[in-house]
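Report on the structure given below.
Every number in this text was worked out from the coordinates using simple rules, so none of it is lab data. The structure presented is a predicted model; accordingly, all values stated were derived computationally and were not measured. Using ideal geometry, Cβ is built from the backbone for each residue, glycine included, and neighbour counts are taken over all protein chains shown.
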Amino acid sequence: MSTFNIRMYNMGFGDCFLLTLPSTLGRPLRVLIDCGKHKLSTKGPKLAALTAQVQADVTGAGGQIIDLLIVTHRHEDHVSGFALPGWDNVQVGEVWMPWTEHPTDPQARRICEKQSTSASKAVKALAALALDPAEADYLLGYAGNNLTNAKAMNLLHGGFQGSPERRFLPEANAAEGDPLRPAALPGVEVYVLGPSRNPDVVRDMEPPSNEAYHLSGDVAAGGTSEPPFGPEWRHTRETYPANASIPEDFTAETEKHIGEIFDEPALELLVALEKAVNGTSLILLFHIGKQWLLFPGDAQWGSWSEILANPRWQTLLKRLTFYKVGHHGSHNATPVSFVAEYLNDDARVMIPTGEVKKWPMIPRQSLLDDLAAKKLHVARSDEPPAQPFRATLDSYGDVLFIDTELDL
Amino acid sequence: MPIPYSPPTHRRLKVYAFDPMLGRTPLYRMLCEVPYEPLRPGPRGERIEVVDYDSSAQTYYTPVHLEDPYLLMRDGLDPTEADPRFHQQMVYAIASKVLANFDSALGRRLYFRGRKPLKLFPHAFRGANAFFHPRRHAILFGYFPADESRGGQNLPGQPVFTCLSHDIIAHEMTHAITHRLRPFFFEPTNVDVLAFHEAFSDIIAIFQHFSFKEILLQAIQETQSDLRANDEIVKLAQQFGYATGGGDALRTAVDKPDARHLEKELRPHARGSILVAAVFDGFFKTYLSQIQDLLRISTGGTGLLPQGSIHPDLAARLAREACAVADATLRMCIRAFDYLPPVDVTFGDFLRALVTADFELNPRGELGLRRNLIEAFRIRGIYPENVRSLAEDSLLWERAAPAPSTPEDISELLAEIQQEMILEAAATSRNSSLDWNPAAGADDDAESRKNRYPAIHAWARRHAAALGLHPGLAVQVAGLHPSFRVGIDGQLLVEVIVQLLQRAEASAATGGIPLRGGATVVLNGFGQPRYVIAKPLPGAAAPFAPAAAMRQARQTDYAAALTARDTFHIWQDEEFQKIRLRRLMGFAALHGGAL
C-alpha cells in the first residue's frame, strides 16, 4: 500500500511542515507549509540549521523543487526562514497565501497596511519609552513578530525559480465549499475554510485603533511633543496663579499617579495586534487519498466559531484523520468542542511548539490533557514521540524533525 | 439695612455646539445653562473640580475664574481652541449639565462618595482617548496631533482636544455617575453589563445634546432636514459629534433591527449600540407621533408637506417637539436607575426598570414613549428573563410580597431620612443657598447617615429570606436614597431606595470576578417594600433558588466565552489565569477595545 509522509520540523515556537507524496514523475511531490521561528524562542535547533534542513529535504534528482508552497500568515514565527539565504534556486510550482496578502485587493491592502503601520508605530514608541532593558527586549521581541517581515514576504511574493503563480485564498469569486485541485498534485483536494471574508470576522483582523493607547507612536512621530499651549499658560505648583489654588488632595504625589495610568497598556496593544494578524491565517483542509488533514495556521476564536457553525465544514471535519494544532497549543486556538466532537479515534495530531519562559501557559496543559484523554496519536515538535511518529535528532541530541507516514 | 440681591438660579456658559474636530464652522456655539453655584478658579465647584494638569508635559495651565465680572457679563469666555481656560469652562459646563440632569430626574442631589468632588482633567495626557478612572476618581481627557486622515479643517499636527466635544464629556461624566450609583456595573458578570455602561453613557450624551433647542433648530434649517426620516435624525446625531466609543453606535439605529444581532454580539461597544439604537428608536417613534398634528395643521389636513424647504415656524415647532421628547427620554432613562438591581444588570432589567419607573410616575403614559420603547426593544430581541409577555404590566417589576417587614420596623427611620431630604431641598433652593454651608452640611450628613445604616442593615438581615438574600453571608448596605418626585399628574411620589449587597468567593472559573448578589429595595414612605429587585446568590430562599442557579451558570459561561475570545491571558502565567478577567474592568481597556 502506498503512503505519504508528513514531516514536522522542530521550530520551537514556530511552524514548518513538509508533505511528501509519491508520484509517477520519477520524483516525489512536495508541499511546504510555513517556515519560521519566533525570535523569543531560543530552545532547540537554530533557525539557520532548520532552514538548511528544509532546503536539503526539497532537493532531489531534479534539483530543489517545491510543488506547492503555502504561507498561512505573515507572522515571523511562520515566515522567518524565508528571510534566510538559499531559496533563490528553489523551483516552486505555486505559492498560496491568505487573501489579505493580495497585492491589489483594496480591503486586503487596508488590513495589511493597518497591521504593519500599527506594528512599526508600536516598535518606535516602545523604543522611545524609558523601559527597563529586559522588559524592552521582551516587548520588542514580541512586537517584532508582527513587523512586515519584508525580506521573507518579498521572496514569497516575487522570488523563487519557475515564476510560480501566486494565489490568494479564498479567491473572491470562488464558490464556497468547492475544493481547489492543484494541477501539480493529482488527486489532491484542498478546501479553504479561512480566512473568512465575512465582515464580522474581518473586523478581528483590524488591530484596534492605535490612538486608543498611550503607545500611539505620536511620541515617536517626532517634533510634536510640545505642550499644546505656550509658556505663557504654563505653571508649576510654585508658580500657580496667586488668586487660585490646586485642590489640597491633588499633591505632587498624585501628579505622578496620573502619569502612571498611561504606562499600563503597552502589552495590551501588542497582544491585540498579534491577535489581528493571527486572524488572517489561511485554514486548509486537505483531502489526500483516505486522509483528511486540517492545517489551521494560528486561527483563533473568530475564525473557528465561523467554521464550526458552517454545516458544510461540520460534515467534512467529522472525517478528520490528522490535525495540526493551531497557535502552538495556546488556549483558544483549538476549541474544546472541536477536540471533543471532531477528532476521531486514531487521528494523528502534531503540535508545533516550544517552551518560552515568558509564556508558561503555551502549550496549554488542559489542551494536552484533553488530547491525551482521547484515543489519538499525539506528537509535539520538541519531544521525541512514540509510534506512529519517528524523530530525527540533531548533533546536540535535540529533535530536528518528526515524521509520520499516512496511507493513501 | 440694604435689601440683599437674591442669587441667580443659573449660570450661562458658552460652549462649542459641535466637536471642533469635525470642522463644522456654522453653529459653532451654544449657551449651556447650569445651576448656579459659587466657583473658585479652576473652575472648582462643590461636586466637580477642573484641574488642568498635563501629565505628559508635567505642567499646569492657567485656570479660568468664572466669577470674574468680565466673564460673568458675557456668559464666560468665547469658544476658542487656543485658550485652555475656555476648555476648562466647557468641561465644567457640560459636566455640570449632566449632573443637573441626574439631580432633576432622580429627585435628589447626587453626590460622589464621601462628597468628594470628581476631578476633571481637560488635558491629562497626550493621546486620543478619554476615560473615567475610578481609582483616581477622575476623568482624564487626552489631546493629540491631528493627522491627514482625520480632523476636517485642522492642520496636520495641530492639537485636537477630546475635552471640546460635548458628547465625549457627557459620555465620560455618565460613566462616573453610573459608577457612583452602581459601583459593580463594570464587572463583567454577564454579557450585558459592560455594554450597558457604554450604552447608557451614549444615551445620556445623545439625548442631552438633543435637548439644546437652538442648535437643533439651526441644524434643521441648515441641513434642510425635516426630521421626519429616521436616517435624517440619526445623521444629525452623528453630526453633533457623536463619535465616542467605537464611533458609530448609532449606525444600527438605521440598520434593519434584527434580534439575531443581539444573540451573537458579545463586544461591549457593539452590543451597547443595539441598546442605544433601541432607545433611539423609541424616541423617534414618539417624536413622529407628536408632530402628526403639526403636519396636518400646516398642510390643510393632508399631512403631506410640499417639496422644498419647510416653513421656519414649522421648523421651530418641530425642533421644539424633538427637544421635548429628547428631554423626556433622557429623564426616563435616568429615572430607571433607581429600579435597577445593584449588580449583574441586563438589558432586560433596564427595560423593566424603565417601564416601572415611568409607570410609577406617569401611569397613563400619554406621550406613548413607554409603549414605543417596549416595541423598539422587542424588535431587537431584548427580552427580560422570566416575564410572561412584553405587555406593560408584565414588564413592571413584581410587587413585593405583602409585608415582608412590619412597617414600623423602619418607618421612623425613613421619616428621618425624608425630613433630611426636605431640609436639604430647602437648603439648596435659591433663596437660602448663600446661607448654606456645604462643608458643614456634609459633615452632619455623614454623621447621621452612619447612624442609619446599622438600622437598615439589621432590618435587611431580619428579612433576608423575603429580600432574596443569602442568610449566611454578610450584607452590605450600599445605598440609602430618599427620592421625591412630582408625576405628570401632579402627584408627589415619595420613595426610599435601598441597595443591599452580598458576595460569594471569586473563583478561577469566573476569571477572578466574584459572584455578587443583593437587591434593590424600593420602599414607600411608610417603610413598606414596593419592589424587591433581587439578584440572588445560591443559598437564597427557595423562591429565589432557580434565579440564583441561573445567574451562577450564566456568569461561568460568560467567563468561558470571554476567555475563548480574549487572547491576552494566553501570554501570561498561571497566577494570572485566576484573575484573567479583572483586566477588562478598566474603562481605559474598554475604550481601547480590549474585547
Let me confirm one metric for peptide B:57-68, namely the mean number of other chain beta-carbon atoms within 10 Å of its residues' beta-carbons. 5
DSSP-assigned coil residues among trypsin sites (Lys or Arg not before Pro) in region A:1-49, each with at most 16 further Cβ atoms within 10 Å: A:Lys43, A:Lys46
Projected label distance in nm at A:Asp178 and B:Arg12, using a 7 Å step from Cα toward the beta-carbon: 7.1
Using a simple charge model, +1 on the beta-carbon of Lys and Arg, -1 on the beta-carbon of Asp and Glu, nothing else, what dipole does the protein assembly as shown show about its Cα centre, in debye to the nearest 20? 1140
Residues whose modelled amide H sits under 5 Å from the amide H of A:Phe401, counting only those 5 or more places away in sequence or on another chain, are A:Asn10, A:Thr392
Per-residue average of other protein chain Cβ atoms inside 10 Å, peptide A:354-362 -> 3
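If I take R0 = 41 Å and measure r between the Cβ atoms of B:Ala545 and B:Asp258 in this structure, what FRET efficiency does the formula 1/(1 + (r/R0)^6) give, to the nearest 0.05?
0.75
I'd like the mean, over residues of B:568-577, of how many other protein chain beta carbons sit within 10 Å of each residue's own Cβ.
Mean shielding by partner chains, rounded to a whole number: 6.
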Please list, in order along region B:274-290, the HN-Hα scalar couplings obtained from phi with the Karplus expression 6.51 cos²θ - 1.76 cosθ + 1.60 (θ = phi - 60°), rounded to whole Hz, x for Gly and Pro. 5, 5, 4, 4, 5, 5, 5, 4, x, 4, 5, 4, 5, 4, 4, 5, 6
Along the charge dipole of the protein assembly as shown, Cβ charges K/R +1 and D/E -1, which of A:Ile66, B:Phe125, B:Pro341 sits furthest on the positive end? B:Pro341
Segment A:Leu129-A:Arg390, length gained on full extension (0.36 nm per residue, minus Cα span): 89.2 nm
Can you give the percent of C-alpha pairs in the protein assembly as shown whose distance is more than 48 Å? 34
Could you pull out the pairs from A:Lys151/B:Lys264; A:Lys46/A:Lys324; B:Lys97/B:Lys535; A:Lys43/A:Lys151; A:Lys124/A:Lys324; A:Lys275/A:Lys357 whose alpha carbons sit more than 29 Å apart here? A:Lys151/B:Lys264; B:Lys97/B:Lys535; A:Lys124/A:Lys324
What distance in nm lies between label points placed 7 Å from Cα along the C-beta direction at A:Ala150 and A:Asp345? 5.6
Once amide hydrogens are built 1.01 Å from N within the peptide plane, the residues lying 5 or more places from B:Tyr531 or on another chain with amide H under 5 Å from its amide H are B:Ala400, B:Val522
Of the candidates A:Ala266, A:Ala108, A:Ala134, which one comes out as most mobile in a Gaussian network treatment of chain A with C-alpha springs shorter than 10 Å? A:Ala134
Within 10 Å, Cβ to Cβ, of B:Val355, how many net charges do the neighbouring residues add up to if Lys/Arg are +1 and Asp/Glu are -1? -1
The farthest towards the positive end of the charge dipole of chain A, of the residues A:Pro241, A:Phe262, A:Ala333, given +1 on Cβ of Lys and Arg and -1 on Cβ of Asp and Glu, is A:Ala333
Please report the base-10 log of the normalised intensity I(q)/I(0) for chain A, using a Debye sum with one equal scatterer per alpha carbon and no solvent, at each q in 0.06, 0.09, 0.14 (1/Å). -0.28, -0.57, -1.27
Residue by residue, what Karplus-based ³J(HN,Hα) values in Hz, rounded to whole numbers, does region B:196-210 have, using 6.51, -1.76 and 1.60 with θ = phi - 60° and x for Gly and Pro? 5, 4, 5, 5, 4, 5, 5, 4, 4, 4, 5, 6, 5, 5, 5
About the Cα centre, charge dipole magnitude for chain A (Lys/Arg +1, Asp/Glu -1 at Cβ), debye: 1440
Taking the Cα-to-Cβ direction at B:Arg461 and at B:Gln491 and moving 7 Å from each Cα, how far apart do the two end points lie in nm? 3.7
Over region B:60-207, one equal point on each Cα, no solvent: what is log10 I(q)/I(0) by the Debye formula at q = 0.12 Å⁻¹? -0.56
